[in-house]
Every structure is written in structure tokens, then in C-alpha cells.
Amino acid sequence: MDFRVIADNFSFLMLQGLIGFGSFAGGTLRLALPAIVLGFLLGTFIGLARLARLSWVSVPAKIYVEFFRGVPLVMVIFWFWFIIPTLLGRSLPEYFVALTAFVIFEAAYLAEIVRAGIQSVPRGQVEAATATGLARGPMMRYVILPQALRNMIPALLTQFIVLLKDTSLASIIGYVDLTKAAQIVNNREIRPFELYLFIAVIYWLCSYGMSSYARRLESTGQSAV
Amino acid sequence: MNYQFAWSVLWSGQTGAWLLQGVLVTLQISALGWLVAVVLGILAGAARTAPIALLRWLAAAYVEFFRNVPLLVWMFFWYFGTPPLLPHAVQEWLLDHSAEFWAGVCALGVYHGARFSEVIRAGIRSIPKTQFEAAVSTGLTVFQAYRLIILPIALRLIIPPATNETLNLLKNSSVALTISVAELTFQTRQIETYTAKAFEALAAGTLIYLALCLAIAAVMSQVERRVAIPGMIARGPSGEL
């Protein structure tokens with residue numbers, strides 16, 4: 001065992017792999033952060049659609065959620081990797097393919113979180129809002145969603161951790177994230193044990209840090225905002 | 001878009017056999033990984049609630065380390081990282097006996113074991129403490145109380161979340177393609193490579209995964225109904241929100 005390989009390639013692994021500064025369009029965080037934000041936006045629409053009274057709105061949303069929750073993420077990534085070039089007639093950069101796949105896939109899981117969050121708001125709030133004369137739209141916007149969002153925060157953080165770990169799968173289409181960066185270094189240095197253990201520790205630091213924060217929010221019942 | 005659909009690629013030539021083989025390998029690696037995961041999960045889950053601090057600490061360390069690192073990294077770690085540390089004879093043996101498959105089983109089992117243990121811990125926590133106290137007061141040792149009273153109840157209570165976790169494991173077995181285990185996703189890609197019919201190949205793979213997931217969910221809900229403890233599980237149409 002020789003951990004000098006980590007010190008020698010530290011800046012490549014961290015800057016290129018984890019954050020995304022460097023000669024490759026890569027980076028774990030550069031993929032995970034936009035993916036969670038866009039996925040949450042799409043997930044909110046789908047989650048709201050699932051709660052809609054009109055069945056032609058709620059049924060497609062339910063099918064969307066059930067479909068993507070029944071298919072492996074690897075499969076979804078391959079779908080976009082192969083289908084986008086066929087549809088557009090030209091290939092797109094890995095970053096774009098990976099981001100699209102993650103947003104579409106995670107939206108299914110985030111939609112369930114949004115739905116659970118909205119359903120966690122007590123019924124009396126809806127009744128009180130209706131009694132004050134609010135229409136359904138403003139009621140959602142000013143009464144339900146602000147409370148629901150607050151209830152969702154621990155689950156959203158947990159989902160972000162899942163997403164952060166899942167971004168490692170973007171490496172299978174050649175996206176240079178932390179895992180791919182370790183593979184690149186390993187191809188040159190042949191130090192698999194040290195390198196993979198090192199990135200395991202980095203992933204662990206990121207997700208354990210966030211999950212303890214989420215747990216603290218959950219146990220104190222306090223909200224971050 | 002000028003894509004020519006040719007669904008016949010899925011059953012002409014070798015592709016049908018490839019898909020079937022892929023399904024078999026997926027089921028094999030998932031089943032073995034599941035066994036490892038359940039055993040580790042029960043041990044770690046029980047240890048995390050045990051009245052012995054060292055056990056709790058060890059189990060927590062295992063769970064927190066393994067579930068917070070991506071499965072893909074574990075695949076690489078077990079497949080590329082650990083064999084060089086093993087004795088030479090073991091390395092030789094592994095090379096002859098599909099090392100990638102066993103690395104995949106290890107990765108899936110150890111990763112999902114950590115996740116299973118959380119499910120089992122939650123199940124044990126949901127049992128009133130008085131059950132444990134009553135068991136110990138009848139003269140059972142702590143180990144006996146877990147084996148005869150706590151675990152049999154907890155394992156039946158956790159069937160819904162455990163089913164969820166089982167489906168996750170099945171879907172995650174697709175990650176094993178990165179260490180060239182010839183499972184379903186791997187075969188799907190192989191068909192795509194040989195026939196250049198991406199859409200058909202991916203559709204076939206996707207539908208098979210969906211069918212497997214639905215089948216497992218259906219079987220488990222039957223099991224759940226059969227082993228339900230009357231009065232302990234509120235289930236039915238009102239159970240779903």
C-alpha cells in the first residue's frame with residue numbers, strides 16, 4: 001500500500017473530479033447541484049399533478065412515478081445516451097445527457113416527497129384557507145406549499161445524498177466525475193485499493209455530513225429556513 | 001427522426017438467448033447479494049439496538065460507512081481494490097471462478113446489508129420495550145429474547161420497507177455491468193452493440209426490469225398478508241394515502 005498516489009493526484013481528484021474545475025467538463029457537484037434543483041422543480045409539478053382531482057392529470061403523473069421507480073438508473077442513463085442522438089441526429093456532451101437523465105429520474109422520487117409533504121399539512125389548514133376566501137391556486141402558493149416545503153426538508157436532504165451517490169453512475173457514459181477521475185488516475189498508477197478507498201472516504205464525508213444534518217433537523221423538528 | 005424499428009432483433013439469432021441469460025445472471029447475483037444483505041442486515045440491525053455499547057458502536061460504524069458511499073465505488077473497490085491484497089492462491093482461484101460475479105455479490109450484499117439493517121432497526125424500535133423486558137423477565141437471555149421474541153415480530157412488521165429495499169437491490173444489480181458481470185443491462189448493451197438497435201434492446205431490458213419488480217412486489221404482498229400479526233399492522237385501503 002502506498003498512499004502517496006493520493007497526495008500526487010489530490011488536486012486532480014478534488015478539483016476535476018469532485019468540483020468540476022479542469023480540462024474535462026466534469027465534476028460530481030457540478031452535476032448533482034443543478035440536477036437536484038431542476039429535479040425538484042419537475043418533481044413539484046409531478047407531485048402536484050398526482051394530487052390533482054382530474055384523472056387525466058393524476059394518472060399520467062402516477063404512471064411516470066411508478067415507471068421510473070421500477071427501472072434501474074443505469075438503464076435510464078443508457079436510454080438518454082442512445083436515444084438523444086437518434087432523435088436529434090447528433091450526439092450531445094455527456095454532461096447534458098447525464099443531467100437530463102438525472103433530472104427526469106430523480107423527479108419521480110422527488111415527486112413522492114413533494115406529495116408526502118403536501119399531504120402532511122393538516123386538513124384544517126385547507127379548511128381555514130378556504131374559509132378566508134382563498135381560491136385553490138393562491139391557497140396552494142401561500143398556505144400549503146410554504147408549510148409543506150418546511151416538512152419536506154429532511155427528506156429532500158436525504159434524496160440529495162442519494163443523488164450525490166448516484167452521480168457516480170454518470171461515469172459509465174464517460175462523464176468525468178469523482179469516480180471517473182479515480183479510474184483515470186488508476187489507469188496510470190495502478191493503485192486501485194488506495195484510490196477507491198480514498199474516493200469512498202470523500203463520498204462518505206459528503207453524505208455522512210449531510211445526513212447527520214438532516215437527522216438533526218428531523219429530531220429537533222426545527223426547519224432550516 | 002428516421003429510425004427504422006426492427007423488433008425482430010429481439011428474438012432472431014442469439015439475442016433472445018442473451019436476454020434470457022441476462023435475466024438469469026441478474027436473478028442469481030440479486031438472490032446471492034440479497035442473502036448476504038439480509039444476514040448482515042439482521043446482525044447489524046439487532047446489534048444497533050443491543051444493550052451492549054461496543055456492539056452498537058461497531059454496527060453503527062459498519063452501517064454509516066457502507067451506505068454513505070456509492071455502490072459503484074464499492075463495486076470497483078471489491079473487484080479491483082481487494083484481490084491484490086489476497087494471497088496468491090486465492091487470486092488464482094478467483095480468476096478461474098468469475099471474480100467479477102463474486103465481487104458483485106460482495107458489493108451488493110455489503111452495501112444493501114447496511115441499508116437493510118436500518119429497516120430492521122426501525123422494525124425492532126417499533127416493538128414496545130415491554131416485550132423485551134417481559135422476555136428477559138421470563139428467564140431468557142438477551143440473545144434468546146432477540147432470537148425468539150424480538151426478531152420474529154420485527155421481521156414480520158418490516159415486510160413493506162424490506163420489499164422496497166429488495167427491489168432497490170434488484171435494480172442496483174445493474175451497476176454490476178461496470179465490472180463486466182453479464183447481467184441484464186450488460187446483455188441489453190451487447191444486443192445494442194451487435195444489432196445497432198438501441199431502442200428495441202433498451203425497451204426489452206426496461207420491460208423485463210419492470211416485470212421483475214412488479215412480480216416481486218406482488219409475491220411480497222401475498223407473504224405480508226399471510227404472516228401478518230393480527231392487530232399489529234393496520235393495512236387496507238385506508239393504509240395508502
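The values are calculated or read from the model by the stated rules, or taken from the named source; none is laboratory data. Since the structure is predicted, the reported quantities are computational estimates derived from the model, not experimental observations. FYI the Cβ positions are ideal-geometry reconstructions off the backbone, even for glycines, and counts take in every protein chain you see.
Residue B:40 meets each of the listed conditions (1) touching a helix residue (DSSP H, G or I) at 6+ places or on another chain (Cβ under 6 Å); (2) surrounded by fewer than 22 Cβ atoms within 10 Å (Cβ to Cβ); (3) among the aliphatic types (A, V, I, L, M) apart from (2).
From the list B:41, B:22, the one residue that fits, being at pLDDT 90 or above, in a helix (DSSP H, G or I), more than 14 Å from chain A (Cβ to nearest Cβ) and within 30 Å of residue B:205 (Cα to Cα), is B:41.
The set of residues in segment A:129-141 being part of a helix (DSSP H, G or I) and either within 17 Å of residue A:107 (Cβ to Cβ) or more than 26 Å from the chain's Cα centre (by Cα) (or both) consists of A:129, A:130, A:131, A:136, A:137, A:138, A:139. Residue B:79 satisfies every condition listed in (1) surrounded by 21 or more Cβ atoms within 10 Å (Cβ to Cβ); (2) more than 14 Å from chain A (Cβ to nearest Cβ) except (2).
Take residue B:118 and tell me if it is under 18 Å from the mean Cα position of the chain (by Cα), more than 24 Å from residue B:164 (Cα to Cα) and at pLDDT 90 or above. Here the answer is no, as residue B:118 does not meet what is asked.
Do we have any residue at all in segment A:204-219 that's within 14 Å of chain B (Cβ to nearest Cβ), part of a helix (DSSP H, G or I) and over 27 Å from residue B:61 (Cα atoms)? Walk me through it before giving the result.
So the first thing to find is which residues in segment A:204-219 are within 14 Å of chain B (Cβ to nearest Cβ), and the list is A:204-215, A:218-219.
Cutting the leftovers down to part of a helix (DSSP H, G or I) gives us A:204-215, A:218-219.
Add one more test, that the residue is over 27 Å from residue B:61 (Cα atoms), and what stays is none.
No, there is no match, as no residue in segment A:204-219 is within 14 Å of chain B (Cβ to nearest Cβ), part of a helix (DSSP H, G or I) and over 27 Å from residue B:61 (Cα atoms).
Summed over segment A:171-211, residues that are under 19 Å from the mean Cα position of the chain (by Cα) and either acidic (Asp, Glu) or farther than 20 Å from residue B:71 by Cα (or both) total 1.
Within segment B:137-181, take every residue that is in a loop (DSSP other than H, G, I, E, B) and within 14 Å of chain A (Cβ to nearest Cβ) and give me the one that is nearest to residue B:218 (Cα to Cα).
Ranking the qualifying residues of segment B:137-181, first place goes to B:181.
Tally time: how many residues in segment B:195-218 are part of a helix (DSSP H, G or I) and touching a helix residue (DSSP H, G or I) at 6+ places or on another chain (Cβ under 8 Å)? Lay out the reasoning, then the answer.
The initial filter retains those residues of segment B:195-218 that are part of a helix (DSSP H, G or I), namely B:195, B:198-218.
Narrowing the set further to residues that are touching a helix residue (DSSP H, G or I) at 6+ places or on another chain (Cβ under 8 Å) leaves B:195, B:198-202, B:204-206, B:208-210, B:212-213, B:216-217.
Final tally of qualifying residues: 16.
Determine if segment A:118-128 includes at least one residue that is hydrophobic (A, V, I, L, M, F, W, C), facing another protein chain (nearest Cβ under 8 Å) and either part of a helix (DSSP H, G or I) or buried (at least 21 other Cβ atoms within 10 Å of the Cβ) (or both). No, there is no match, as no residue in segment A:118-128 is hydrophobic (A, V, I, L, M, F, W, C), facing another protein chain (nearest Cβ under 8 Å) and either part of a helix (DSSP H, G or I) or buried (at least 21 other Cβ atoms within 10 Å of the Cβ) (or both). Counting the residues of segment B:182-203 that are at the interface with chain A (Cβ under 8 Å from one of its Cβ atoms) and touching a residue at least 24 places away in the same chain (Cβ under 8 Å) gives 3. In the set (1) more than 11 Å from every other protein chain (Cβ to nearest Cβ); (2) buried (at least 21 other Cβ atoms within 10 Å of the Cβ); (3) outside any helix (DSSP H, G or I), the condition left unmet by residue B:69 is number (1).
Yes/no matrix, rows are residues, columns are (1) out of contact with any helix residue (DSSP H, G or I) (no Cβ under 7 Å at 6 or more places or on another chain); (2) farther than 21 Å from residue A:207 by Cα; (3) assigned to a helix (DSSP H, G or I):
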| site | (1), (2), (3) |
| --- | --- |
| A:79 | no, yes, yes |
| A:87 | yes, yes, yes |
| A:99 | no, no, yes |
| A:103 | no, no, yes |
| A:107 | no, no, yes |
| A:143 | no, yes, yes |
| A:162 | yes, no, yes |
| A:175 | no, no, no |
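The single condition from (1) small (Gly, Ala, Ser); (2) more than 19 Å from the chain's Cα centre (by Cα); (3) outside any helix (DSSP H, G or I) that residue A:26 fails is (2). Exactly one residue among A:83, A:77 is within 30 Å of residue A:175 (Cα to Cα), touching a residue at least 60 places away in the same chain (Cβ under 8 Å) and out of contact with any strand residue (DSSP E or B) (no Cβ under 8 Å at 6 or more places or on another chain), and that residue is A:77. Out of A:215, A:141, A:136, one residue alone is touching a residue at least 24 places away in the same chain (Cβ under 8 Å), of a type in the set (Lys, Arg) and surrounded by fewer than 21 Cβ atoms within 10 Å (Cβ to Cβ). It is A:215. Whether a residue is within 13 Å of chain B (Cβ to nearest Cβ) and hydrophobic (A, V, I, L, M, F, W, C) was assessed, and residue A:107 does not pass this test. Within segment A:52-70, the residues that satisfy the criterion of being surrounded by 16 or more Cβ atoms within 10 Å (Cβ to Cβ) and among the aliphatic types (A, V, I, L, M) are A:61, A:65.
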